1. Go through Phe49, Phe61 for me and flag whichever is over 11 Å from the mean Cα position of the chain (by Cα), without any contact (Cβ under 8 Å) to a residue 24 or more places away in the chain and surrounded by 16 or more Cβ atoms within 10 Å (Cβ to Cβ).
2. Do we have Phe43 as in a loop (DSSP other than H, G, I, E, B) and at negative phi here?
3. Here is a check on your reading of the model: is Gly30 of a type outside the set (A, V, I, L, M, F, W, C) and modelled with pLDDT under 85?
4. Testing Phe54 on (1) outside any helix (DSSP H, G or I); (2) of a type outside the set (A, V, I, L, M); (3) modelled with pLDDT of 85 or more, one condition comes back false. Which one is that?
Amino acid sequence: MQFGSLIGMLIIGALAGWLSGKIMQGRGFGLLGNIIVGVVGAFLAGMIFPALGFAAGGGFFWSLVHATIGAVILLFLIGLIRKAR
């Protein structure tokens, strides 16, 4: 992965984390925590979605959509794990 791609993924992940915090009201970890979850969700979405045949298309918008979906799913799963405790 090139440095520019990594920076782009971090920026998109940060935006996705912020958006996922807005979408999943009350289930987040605050601004910084949601940004971290967004970066992780963006990374996971970038690995899993293409393997499932859902390519981001290379554009900023679709990359942000996929990263946000990944972050929302990750927040949901973390919420389930936290409830189970």
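1. After applying the criteria, what remains is Phe49.
2. no
3. The answer is yes for Gly30.
4. With (1) outside any helix (DSSP H, G or I); (2) of a type outside the set (A, V, I, L, M); (3) modelled with pLDDT of 85 or more applied to Phe54, the lone miss is (3).
The values are calculated or read from the model by the stated rules, or taken from the named source; none is laboratory data. These figures come from a predicted structure and were not determined experimentally. FYI the Cβ positions are ideal-geometry reconstructions off the backbone, even for glycines, and counts take in every protein chain you see.
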